[in-house]
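Only one structure is covered here, and it is reproduced in the block below.
FYI, it's all coordinate maths here, none of it is from the lab. This structure is a prediction, so every number in the text was calculated from the model and none was measured. Reconstructed Cβ throughout: ideal geometry from the backbone, glycine too, with neighbour counts over all protein chains shown.
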Amino acid sequence: MSTTIQTLDFQYRYNLVPLFKIDHRLFLKSDKIEQKLLAILGNPGMEDPKQILKQIVMDIKNQTTGGLTQDKYLYQLHVLVQLRNLGNQLDEIMVSVNEFFNIEKAPVYIRGEKKGIQEGIREGIREGIQEGILEGKHKQALEIALEMKKDGLSMEKIIKFTKLSVEEIEKLKI
């Protein structure tokens, strides 16, 4: 990656420092939530990432008045957490501090809930169609069995061709 900018009248050189090489505590010391969020990408050293997450979540709770600002920071936290594969730990922390947050109002929660409802509807439709098909096949088998019974075919043949039980065939009225 380039570390210089050079034009006809301008020359500038800089060093790049990867965030994962910076101690996470440097970010946590900041007064700004935006900077505290970067602690996720910093070097955790020997500290449990779950504790870092918990501190960030508590700082968001303590330093915001709720509403859209809080939702914005929580959404940013969710995005950054995915970069470090800490999604499950964040979920656990959010559940444990749910008494402070109304997590059901968080955009991520609402989006997940809508997605779950949509998937449930699709699954319900699939199951309904499948049940309808099976019910239709069963009804057709009953109609065929009735016609076979009217024509005087044996019970064995009716069972063989319709796959119905003896009880179902006997219930049919000619």
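Remark on residue 23: its backbone amide H falls under 5 Å from those of 43, a criterion applied only to residues 5 or more positions apart or on other chains, H modelled at 1.01 Å from N. Here is the list for the range 1-103: chymotrypsin sites (Phe, Trp or Tyr not before Pro) lying in DSSP coil, each with at most 12 other C-beta atoms within 10 angstrom of its C-beta, are 10, 14.
Taking the alpha carbon gyration tensor of the range 4-105, multiplying each eigenvalue by 5 and rooting it gives semi-axes of 31, 16, 12 Å, largest first. Size of the chain: Rg and Dmax of its alpha carbons, in Å, are 32.2, 104.
Of all the C-alpha pairs in the range 107-171, what % are more than 19 Å from each other? Tail of the P(r) past 19 Å holds 52 percent of the pairs. Taking 47, 143, 127 in turn, the Gaussian network model of the chain (Cα-Cα springs below 10 Å) assigns the largest fluctuation to 143. In the chain, helices alone account for a calculated mean residue ellipticity at 222 nm of -20500 deg cm²/dmol, with every DSSP H run of four or more residues adding -39,500 (n - 2.57). Calculate how steeply helix 87-96 sits against the longest principal axis of the alpha-carbon atoms of the chain, using the helix alpha-carbon long axis, and give the answer as 0 to 90 degrees to the nearest 10. Compared with the principal axis, the helix lies near 90 degrees.
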